[in-house]
1. Compute the distance from the alpha-carbon center of segment 38-66 to that of segment 132-149, in whole Å.
2. Given 37 °C and 0.692 mPa s, how large is the Stokes-Einstein diffusion coefficient of segment 11-122 in µm²/s, with Rh as the Kirkwood radius over Cα pairs?
Amino acid sequence: MELAYYSDYAVRLVNTEEPARGKDALTSVEAVRDLFGGNQSAARRAADADVTRFRSVRARLRAVFESADKGDETLAVDLLNSLLLEFPVSPQISGHDFRDDDGRPLWHMHLADHPSNATAGYAAIAAMGLAFHLTEYGVDRLGLCEAAPCRNAYLDTSTNRSRRYCSDRCATRANVAAYRARKRREAALPEKTGLAADSAQPSSAHGERPAPRGR
């Protein structure tokens, strides 16, 4: 498992909440377990108390994305470092996949956590994965969706650092909204132009026609 994979843990947790819409999917221990994906051994450690603890870690991870989105690199790094100190991991070499038919292991780095609870294990992996992504690609690769009111977190892996939305759905919605707004402005332009032309015409008081000039 590549280290970059672990950064998805952070995105997955942050996006369980949509603050602008007042939505929160992290309401049960089952929701906590779903966040672990295929790591069922870690998911089984989750208990009811982890719901509150996960929400606390989620708020801190969102603060990292918010700081990065605002261009405050130092604050983003400081917030992430505080999570790394509180939730440490042990990097290990793993070889559970095989390179070829000879059975040679495909060696790769793996993050082994030794948590006292499910939250500590998840937070450790999420923070470390996000740290690897940040240092490898830059703080500006951590973003929040620009399609209001979404504001979901995403990791920009585009070649030209051009990503602005968390999903194709949000990108389409934003483009449609921009197109409609442009059409409304274009439709209003002739009306304004016509009003301006009318106001430029000479007129006499009380709407009377001006008297003809003498010869």
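Just so it is clear, none of the values below were taken in a lab; they were calculated from the coordinates. The shown structure was predicted, so the numbers you read here are calculated from the model rather than taken from an experiment.
1. Between the Cα centres of segment 38-66 and segment 132-149 lies a distance of 20 Å.
2. Values: Rh = 16.0 Å.
Result for D is 206 µm²/s.
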